[in-house]
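Novice: One structure is given below, represented as structure tokens, and several questions about it will come after.
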Amino acid sequence: MTGRPDDVVAQAARRRTFAVISHPDAGKSTLTEALALHAAAIEEAGAVHGKSGRRGVASDWMDIERSRGISITSSVLRFEYGGALLNLLDTPGHADFSEDTYRVLAAVDAAIMLLDSAKGLEAQTLKLFDVCRHRGVPVITFVNKWDRPGREPLELLDEVEQRIGLRPAPLNWPVGVAGDFRGLIDRASGAYTRFRRTPGGATRAIAERVPAGRAAAEEGEAWEAATEELGLLEAIGAELDMDAFGAGLCTPVLFGAALPNFGVEALLEAVRELAPAPSARADAEGARRPVDAPFSGQVFKVQAGMDRAHRDRLAFIRVCSGRFERGMALTHAPTRRPLATKYAQTVFGRDRSTLDTAYPGDVIGLPNASGLTVGDTLYVRTPVAFPPIPAFAPEHFAVVRATDNGRAKQFRRGIDQLDGEGVVQVLRSDLRGDQAPVLAAVGPLQFDVVTARMAEEFNAPVELTRLDYTTARVTDKESAEALNGRRGVEVLTRSLDGSLIAVFADKWRVRAVEREHPGLTLTPMLAAGVTD
Ligand code: GDP
């Protein structure tokens, strides 16, 4: 560790807490591995990929964790790089669980938007980018797979600018078209790094600094094309403006290929140099709590059954301010109850280990914290409550019932717990009663998780009956009265926060109601848009 260990400001300043957002298959896992491997200066990336593809990665990781002392899991990957401490928070790959991804994005200070050079912006990337925009998370763009045939770099930049309105500022520029990748020119210094694959393919690339004169002679037309494009960029002024980056208006762009490790170091450098360190965080009233205020943190994820043997439930907490010490008594903001942290854990590594201290930007795991719900704030001394993490517009609805009426207690307990973890949203109404609440999901796979866990974990098997609703709006009491009794509309109460949710069979009905009763409150929820 550098700096005095008790200097919260210095500890916060050297942390970078970020996530990678991408469409499935763009190379998120490959890049994640490459970043950690590169940072840890591991010589043989090939050992991680293995000959049989990526199946062996998990077990290889465990060996690597042990032998190299870097920490990897499906939750948080943490590594040192050039004096900075990088916390890379993992996000689930499947679109049905994108609500989990959104919650993770509430806990980071920056995101890497990963694009496949042949595909550009894809559906899932666009949606996740929207969340970054919504939350004001600055985005660094990495154009991946440049070793394969793909699109023109200028065309990709144009797409970023046109489709999401982010002004691209390339930090480096590829020499050689996609598929004939020779190297990268660093725009600020003009330095050229040439890459060669090491024999055997997926191992660390050989990077060589080549002086411009020699590069021009050796790379021929590819060099000419690149310098001409660089001239163009110069002319249009595609420079990085740090204020615009911080405000979510501009994105630094880097090119590379994660698999053969081309350009990964430049990306690490960009994260260290450009991604913001943890800073004062606004509470629900808009007051900012500085990083050196007494400890505060927010639950952004609750996960059960990570350890099958213990059936435990782990709450992930992002530290927002102060120094956390294991054993500290925290106050749970919603209930004002004290919470013991004797068993606080790092959430790195499968063999979870106890955690003694943590600083802003870090993630703490609290096991068996059964009263904790996604969005809850914890603090010591001066009270604070951070704004809730928004729920996303559900698009799938089903009534859930216990198949065995004798298990009503287990049923209730299980449904409440899954609700608190954010596995699904639970909606209730007097009409439907407590034994048959409505489950609302962003993606239908969430229902499968409920069915499996209710049977296995809570010993209360359930049956689900799908409802024909597809659209939800937040409403209020007066509007609810006008809505009740209409066909294809139902008003339900969200268990978690008591808010009133109107569910509709389709968007047309929402519009019809809005036209007939222009005064009604029907606020759209943040769209996850998994199905469109
Ligand atoms: P994820 O679904 O986003 O996690 O993507 P993966 O990391 O699993 O990668 C999807 C596929 O793309 C795998 O077959 C990777 O080996 C491949 N891939 C990832 N990055 C690169 C790259 O830079 N170049 C090439 N040629 N293939 C890549």
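Novice: Is it fair to say E224 is open to solvent by 40 Å² or more (accessible area, probe 1.4 Å) and either closer than 15 Å to D147 by Cβ or in contact with a Lys or Arg (Cβ under 9 Å, 6 or more places away or on another chain) (or both)?
Specialist: no
Novice: Additional query: (1) away from the ligand (no atom under 16 Å from the Cβ); (2) touching a Phe, Trp or Tyr at 6+ places or on another chain (Cβ under 6 Å); (3) not charged (D, E, K, R): which one isn't true of P294, the others all being true?
Specialist: Of the numbered conditions (1) away from the ligand (no atom under 16 Å from the Cβ); (2) touching a Phe, Trp or Tyr at 6+ places or on another chain (Cβ under 6 Å); (3) not charged (D, E, K, R), the odd one out for P294 is (2).
Novice: May I pose another question? I'd like the residue in the range 255-273 that is acidic (D, E) and touching a residue at least 24 places away in the same chain (Cβ under 8 Å) and, out of all such residues, is farthest from the ligand (Cβ to nearest atom).
Specialist: So, considering only residues that are acidic (D, E) and touching a residue at least 24 places away in the same chain (Cβ under 8 Å), the one farthest from the ligand (Cβ to nearest atom) is E269.
Novice: While we're on this one: Tell me the residue from V108, V131 that is buried (at least 19 other Cβ atoms within 10 Å of the Cβ) and modelled with pLDDT of 95 or more, please. Spell out how you get there, then give the answer.
Specialist: Details: V131 fails: modelled with pLDDT of 95 or more.
Residue meeting the stated conditions: V108.
Novice: Go through the range 411-433 and report how many residues are open to solvent by 60 Å² or more (accessible area, probe 1.4 Å) and under 26 Å from V299 (Cβ atoms).
Specialist: The total comes to 3.
Novice: Report, by residue number, each residue of the range 239-260 that is open to solvent by 10 Å² or more (accessible area, probe 1.4 Å) and part of a loop (DSSP other than H, G, I, E, B).
Specialist: Hits for the range 239-260 are E239, L240, D241, A247, G248, L249, L259.
Novice: Looking at R473, R487, which is the one that is part of a strand (DSSP E or B) and among the basic types (K, R)?
Specialist: Only one candidate qualifies: R473.
Novice: Considering only the range 483-519, state which residues are aliphatic (A, V, I, L, M) and either at pLDDT below 90 or surrounded by 18 or more Cβ atoms within 10 Å (Cβ to Cβ) (or both).
Specialist: L483, V489, V491, L492, L496, L500, I501, A502, V503, V510, V513
Yes or no, residue by residue, for (1) of a type in the set (G, A, S); (2) under 19 Å from T125 (Cβ atoms); (3) within 14 Å of the ligand (Cβ to nearest atom); (4) open to solvent by less than 30 Å² (accessible area, probe 1.4 Å):
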{"position": "E155", "(1), (2), (3), (4)": "no, yes, no, no"}
{"position": "Q162", "(1), (2), (3), (4)": "no, yes, no, no"}
{"position": "L166", "(1), (2), (3), (4)": "no, yes, no, yes"}
{"position": "W173", "(1), (2), (3), (4)": "no, no, no, yes"}
{"position": "R182", "(1), (2), (3), (4)": "no, no, no, no"}
{"position": "I206", "(1), (2), (3), (4)": "no, no, no, no"}
{"position": "G220", "(1), (2), (3), (4)": "yes, no, no, yes"}
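The values are calculated or read from the model by the stated rules, or taken from the named source; none is laboratory data. Note that the coordinates shown come from a computational prediction; the quantities given were computed from them, not determined experimentally. Note that we place each Cβ from the backbone using ideal geometry, even for glycine, and neighbour counts take in every protein chain shown. Ligands, DNA and RNA are stripped out before the accessible areas are found, and what is left, the full protein with its side chains, is counted by its heavy atoms. Shrake-Rupley method; radii C 1.70, N 1.55, O 1.52, S 1.80 Å.
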